[in-house]
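Enquirer: My structure is below; once you've seen it, I'll send some questions.
No lab work stands behind these numbers, since they all come straight from the coordinates. No experiment lies behind these values; they were computed from the predicted model shown. Note: ideal-geometry Cβ built from the backbone for every residue, glycine included; neighbour counts use all protein chains shown.
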Amino acid sequence: MIKILLAPSETKKSGGTELFEPDKLLFKSLLPYRTELLHHYINILQGGEIKILSKMFGLKKEVDILTYKKDIIYEPAMKAIERYTGVAFDYLSYKELDETSQKYIDNHVILCSNLFGFLLADDLIPNYRLKQGEAVGNIKTDKFYHKHGANLMEDYLNDYEILDLRASFYDKFYKPNRPYTTLKFVKDGKVVSHWAKAYRGIVLREIAKVGVESIEEFMKLPIKNLNIKEIQAKGNKTEIIYNIET
C-alpha cells in the first residue's frame, strides 16, 4: 500500500456546503494544538491591523486582505483537495476524475497545510489565507506542526510506502525517517521549478486513474511526455529523475 504526500496552495476556491469540524480532521490528538493555532489566527484577524494581515496573508491590496478577514470557524467547508487551486491542483483536475479515481485520492493523499497541519485529501476545511513560511503571531507553523505532529505522521505511515510530491519546504513539517520516494523533473538538462508543480499534478492524476498501490507499480506507469532518466538513492530517500519530452 502507498500513501502520497502533497503540498497545499496559497490560492484557494471560495465557498463550500459542509460544516467545518476541527475534531474530525486527521489526527484527533492534534486538536488541542490546532485549536491553539486557530485561536491565535482568529485573534490576529479580529485585531484587523492591515499591515500585519498583509504580511501574514502575502497580499498587498486592502480589498483583497479584507476578503479573508473573517472568523473561519463558522465558514462553510469543502474537501481540502477541492479547496486548493494552485498549479498542481489545476493539472490534477480532481472534479473531472471519475468516482473511483476521486476515492483513490481521498484515501491515499495526505496534504500538509500551513494552518491546519496534516490533512487527508477529503478532510473538510474552510477558506483561509496564510502565506507559506509566515508565522501566526509568534508561532512558526512549520516548527509547531513538526513538534506536535511529525511523530504522528511517522507512526501513521509505518505500514505504507511513501511517495512524496511536496516541495522541499514541507520537509520542515515532516520528513520521513523511513524509506520514501521523491520526484525531480528535468527539461533540456535543467531542473524545472514552476512546471514541476504541474507535473506533480499530472503524475498524481495518472496514479489515481489506475489505482497504483506500490512504488514498483508507479515506476512502471507510463506518463505522457515523461521518461525516467535516472534513479538516485541516498540514505532513506530515493529520487526518480524524469526527463520532460515535448
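Enquirer: State the percent of C-alpha pairs, over all pairs in segment 132-246, separated by a distance greater than 18 angstrom.
Expert: Result for the distance tail: 57 percent.
Enquirer: Only Cα pairs under 8 Å and at least 6 apart count here; give the relative contact order of the chain as a rounded whole percent.
Expert: Computed over the chain, the figure is 26 percent.
Enquirer: Compare the Cα positions of 66, 38, 2 along the charge dipole of segment 1-67 (+1 at Cβ of Lys, Arg; -1 at Cβ of Asp, Glu; about the Cα centre) and return the one farthest towards the positive end.
Expert: It is 2, whose Cα lies furthest towards the positive end.
Enquirer: Could you go through segment 68-81 in sequence order and give the Karplus-derived ³J(HN,Hα) for each residue, using 6.51 cos²θ - 1.76 cosθ + 1.60 with θ = phi - 60°, rounded to whole Hz, and x for Gly and Pro?
Expert: 9, 8, 8, 7, 5, 4, 9, 7, x, 10, 8, 3, 4, 5
Enquirer: If you don't mind, there's one more thing I want to ask. Using alpha carbon coordinates only, what is the Rg to Rh ratio of segment 1-132, with Rh defined as the Kirkwood radius?
Expert: Expressed as Rg/Rh, it is 0.97.
Enquirer: If Lys and Arg each add +1 and Asp and Glu each add -1, what is the summed charge of the other residues whose beta carbon sits under 15 Å from the beta carbon of residue 26?
Expert: Once all neighbours under 15 Å are counted, the net charge is -1.
Enquirer: Just order 33-41, 56-64 by mean Cβ neighbour count inside 10 Å, highest at the front, would you?
Expert: Ranked from most to least packed, the peptides come out as 33-41, 56-64.
Enquirer: So what's Rg/Rh here for the chain, counting alpha carbon atoms and using the Kirkwood radius for Rh?
Expert: Checking Rg against Rh, the ratio lands at 0.97.
Enquirer: Give the peptides 113-123, 157-167 in descending order of average Cβ contacts within 10 Å, highest first.
Expert: Result, highest mean Cβ count within 10 Å first: 113-123, 157-167.
Enquirer: OK, next. At a Cα cut-off below 21 Å, give the lysines reachable from residue 61, other chains included and same-chain residues fewer than 8 away excluded.
Expert: Excluding near neighbours in sequence, the set is 12, 13, 51, 69, 70, 131.
Enquirer: Beyond 16 Å, what share of the Cα-Cα pairs of segment 64-146 remains, rounded to the nearest whole percent?
Expert: 59
Enquirer: Please report how far the C-alpha centroid of segment 15-47 lies from that of segment 172-242, rounded to the nearest whole angstrom.
Expert: Using only Cα atoms to place each centre, the spacing works out to 32 Å.
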